[in-house]
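Before anything else, here's the structure in question.
Readers should treat all values here as calculations from the given coordinates under stated rules, not as data from a laboratory. Owing to the predicted nature of the structure, the values given are computational and were not obtained by experimental measurement. No Cβ is skipped: glycine too gets one built from the backbone with ideal geometry, and neighbour counts run over all protein chains shown.
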Amino acid sequence: ERPLISLVGDAEVVNGAIDLTPLRKGCGLSGAVWFHRPLKVVDGFETTFSFVIRPPRADEDEWGKPRSRGSDGFAFVLQLDRSCIVSSGGKKGLSDALGASGIQLGYGGLSSCFAVQFATQPSCQREIIKKNTKVDGEGDGTYFLCSLLYEPHYLINRDLDLAKSKWSYFYVDTKHEGKECVDPVSGKHFVAPELPPDRQPVMQKVELSHHCDSVSVQCPGVHPKAPNSSGPDACMARATFLDLDDSKPHTARILLERNRFRAGSVAKDEVERANLEQMGALADGIPSHRLLVYVDDMQTALINLELDLPDVFGDTLNDSDGRMFAGFTAGTGHNNASH
């Protein structure tokens, strides 16, 4: 008999609740849970759920704030990443999709993916250079940080080695720059980058404010089948929300409904008309959609976003009878939290 849910990665059921990133498993986790029956998105839907984000230390300081923050957050996800659909008992249809951990919240890298993410704070490594540090008995020296991101589809569809879907953080002695090294976490071989003459590491700037204390809607947009990302480049709407990781229960409500105030896309020909009718986005009679996201306050929407489903999902819904897998994902990096 087909299970009602599919647990993927580090996710597990604890005392009747789903814990996507259990604290006891440490840092660098990614977990997901998918409902076994795909959701018919074109008809609209409504989901209400409760969640708790519990940092490693949930006790409060003298001002009533948690002594530590939780990282990195979780997301409600709709996806139809076909490379991650597996069979169960001879039946097709279960999903074992799982994206990158850390700042990507367990869904980054999935294709045909739409997410409402609840981000607390990024657990990126801040201190890159360590001077006068001894490692494994070696002499003093300067070390730089190497981080590798593995393709999650390689992980899911071939060898199910969960470690290969995560960021790996480790220091490499500068004497090894430009040489072949081995990732101590996954065993993957790589060439350590060469440092410039001033011995400073080359860094790529990342906009971290988008990943701090916020609720946002994430979708590749122009290329719906491209891999999704938790970053600002894939953001359709965002709102600030503090104290998501206060170890207290919160309630979220996500509603996708037919837009009562504006018609949707206009068909250019009969083929496009048939596609738009199936996706519920035809201007003459079938309206576009509106996405409403509520957190704790069920009277005022935190996010109110107008959507044309063809713009968001492309032809993905045409190929699936308007259905997508619905579920939750979460990720942790250097810091951790229970989601």
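Evaluate E = 1/(1 + (r/R0)^6) for Leu255 and Lys179, where r is the Cβ-Cβ distance and R0 equals 41 Å; express this FRET efficiency to the nearest 0.05.
0.15
For Asp243 and Phe35, FRET efficiency with R0 = 22 Å and r from the beta-carbon atoms, rounded to 0.05?
For Phe35 and Asp243, the calculated efficiency is 0.20.
Continuing with this model, one more query. Could you order peptides 37-46, 311-320 by the average number of other Cβ atoms within 10 Å of their residues, highest first?
The packing order, highest mean first, is 311-320, 37-46.
A further question follows. What FRET efficiency comes out for the pair Glu306/Ile5, r = Cβ-Cβ distance, R0 = 35 Å, nearest 0.05?
Computed FRET efficiency for Glu306 and Ile5 comes out at 0.65.
Follow-up question, since we're still on this one. How much length, in nm to one decimal, is gained on full extension between Phe45 and Arg82, taken as 0.36 nm per residue of separation minus their Cα-Cα distance?
This chain segment gains 11.1 nm when fully extended.
Spelling out what I want: for every residue of segment 235-244, take phi, set θ = phi - 60°, compute 6.51 cos²θ - 1.76 cosθ + 1.60 (Karplus), and round to whole Hz; glycine and proline get x.
7, 9, 6, 8, 9, 6, 8, 8, 6, 5
In what sequence, highest mean first, do 239-251, 107-119 appear when ranked by Cβ atoms within 10 angstrom?
107-119, 239-251
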